[in-house]
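S.K.: Pasting a structure here, questions to come.
Values quoted throughout were computed directly from the atomic coordinates according to the rules given, and no laboratory measurement underlies them. Computed from a prediction, not measured in an experiment: that's the story for all the values here. Reconstructed Cβ throughout: ideal geometry from the backbone, glycine too, with neighbour counts over all protein chains shown.
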Amino acid sequence: MPLFGKKRRSSQEQVTTPQPLLEEVSSQEFSLKLSYSAKSSEGVRLRRDQGAVARLASMLDGYVKGLPELVEPLPVEMITATPFIARMPGSAQWLQYHHKRSPVARHALVVLESVDAIDMAYETLVCGLLEGETDTLGYPDYNAIIGGVVSHWDEISGDMIVRAVVGWGGKGARGDTDRNAARLLAGLFNNISADSQAIGPVSLERPAPTGVPGGAVCDHCGFNSGLERAFYCPKCGMRMLHGER
């Protein structure tokens, strides 16, 4: 006879044994690794003349696929525009300002601005697809090489300083892209040096960032060189007045 308060266990009830926790399970792994790289040559000084900017596109002859695209410096009100999506509202301004450009030009701006190879606050970029293929939307593949020439005006002499720049990147391995990029960079640099107004190579530091107080401000485009000694605007090439009216 069972004790009071105890219930006879049914023959249908089974005793469950706790299962041990698994440390590893069969899984599928997914990852995305983005890597951008760029190379830039030293600058070449060109004498100031009326057709200097127009000749920049011809410096890509023999290397660019299709037509090169001219990207002028950002206007003063767009100076905070950036391709980095995490930086709002700068990224929204960047997308709004560049949405009409070709996929190749937008890709070039993302790659070159991400690695600080160019500064669109004052530099002019002429770029295109130099090597590789594009996808169905027109954007270069990860191992395609984009680039061209970058220019700004020397704030002391008013001459144009031009340098070659190439870039590549995205997802995937680089392969021989680095070696091919060095070859293309040398070719672009030779084209710059062969310009009729070229004086010779020059090593110049970039102008100070915009917004530095106390610097000479261009009355034409509003660019702040950050330096009182600047006589010409690095962005538009106009002569600084230094307060003289």
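S.K.: With a point put 7 Å past each Cα toward its Cβ, work out how far GLU24 is from ARG239 in nm, to one decimal.
M.R.: Each label point is offset 7 Å from its Cα along the Cβ direction, giving 7.6 nm.
S.K.: Pull out the extension gain between ALA186 and ASP116, defined as 0.36 nm times the separation in residues minus the alpha carbon to alpha carbon distance; nm, one decimal.
M.R.: 23.2 nm
S.K.: Per 0.36 nm of contour for each residue apart, how much would the distance between ILE199 and THR80 grow if the chain were fully extended, relative to their Cα-Cα spacing?
M.R.: 39.4 nm
S.K.: Could you put CYS221, CYS127 in order, starting from the residue whose Cβ has the fewest other Cβ atoms within 10 Å?
M.R.: Numbers: CYS221 15, CYS127 30.
By the 10 Å Cβ count, ascending: CYS221, CYS127.
S.K.: By how many nm would the segment from GLU42 to LEU67 grow when fully extended, if each residue of separation counts as 0.36 nm and the alpha-carbon distance is taken off?
M.R.: Length gained, GLU42 through LEU67: 6.5 nm.
S.K.: May I pose another question? Provide the three semi-axes, in whole Å and in decreasing order, of the ellipsoid equivalent to region 34-202 as defined by the square roots of 5 times the Cα gyration tensor eigenvalues.
M.R.: 25, 21, 13
S.K.: Highest first, please rank the peptides 97-104, 196-203, 143-150 by the mean number of other Cβ atoms sitting within 10 Å of their residues. All intermediate terms of the calculation are to be shown ahead of the outcome.
M.R.: On the way: 97-104: 15.0, 196-203: 12.5, 143-150: 25.8.
So the order, starting with the most tightly packed, is 143-150, 97-104, 196-203.
S.K.: Using mean Cβ contacts within 10 Å as the protection proxy, how do 25-34, 57-66, 175-184, 157-166 order, highest first?
M.R.: Details: 25-34: 5.8, 57-66: 16.8, 175-184: 14.2, 157-166: 23.0.
Highest to lowest by the protection proxy: 157-166, 57-66, 175-184, 25-34.
S.K.: What list of ³J(HN,Hα) values in whole Hz, one per residue of region 92-109 in order, does the Karplus curve 6.51 cos²θ - 1.76 cosθ + 1.60 (θ = phi - 60°) give from phi, with Gly and Pro shown as x?
M.R.: Once rounded to whole Hz, the list reads 5, 4, 4, 5, 5, 6, 9, 5, 8, 6, 5, x, 5, 5, 5, 4, 4, 5.
S.K.: Ranked by Cβ crowding within 10 angstrom, fewest neighbours first, how are LEU112, LEU188 ordered?
M.R.: Neighbour counts put them in this order, fewest first: LEU188, LEU112.
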